[in-house]
Amino acid sequence: MKIAFIQHSFGFTSGIDTVTYELSKRISKKHDVTIFTFNNEYDSNIGIEIKESSIPFKKNRVFNAVLSPIFIHKIAKIQKSIKKLSLIDI
């Protein structure tokens, strides 16, 4: 099964991101997992594919946390990839 998680940020300081990270690690033992994000702080050598879309101000944590959900329209760029997946969690 091909599974995707869409997170506006994927960093160490967010509880939601940590849960997604841990869940993805476990699921990736039996399934293909891809995480789509605007800002990644995790190591991508854990058996999970992490696709990072560029947005302005991504290195500024305050702006990223507040404004990155506005850029959710960037998801349209990855629509072809999403259509090939079995399960998507936004």
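Where a Cα-Cα gap under 17 Å defines reach, which aspartates and glutamates qualify for residue 29, not counting those fewer than 8 residues away within the same chain?
43, 49
Starting from the residue with the highest accessible area, list 5, 12 in decreasing order, probe 1.4 Å.
12, 5
For the residue pair residue 49 and residue 1, what label-to-label distance in nm results when each label sits 7 Å from Cα along the Cα-to-beta-carbon direction?
Calculated label separation equals 1.8 nm.
The values are calculated or read from the model by the stated rules, or taken from the named source; none is laboratory data. Predicted model, so just to flag it, every value in this text is computed and none were measured. Virtual Cβ from ideal backbone geometry, glycine too; neighbours counted across all protein chains shown. Each accessible area value is taken on the protein alone, full model and side chains, heavy atoms only, with ligands, DNA and RNA left out. Shrake-Rupley method; radii C 1.70, N 1.55, O 1.52, S 1.80 Å.
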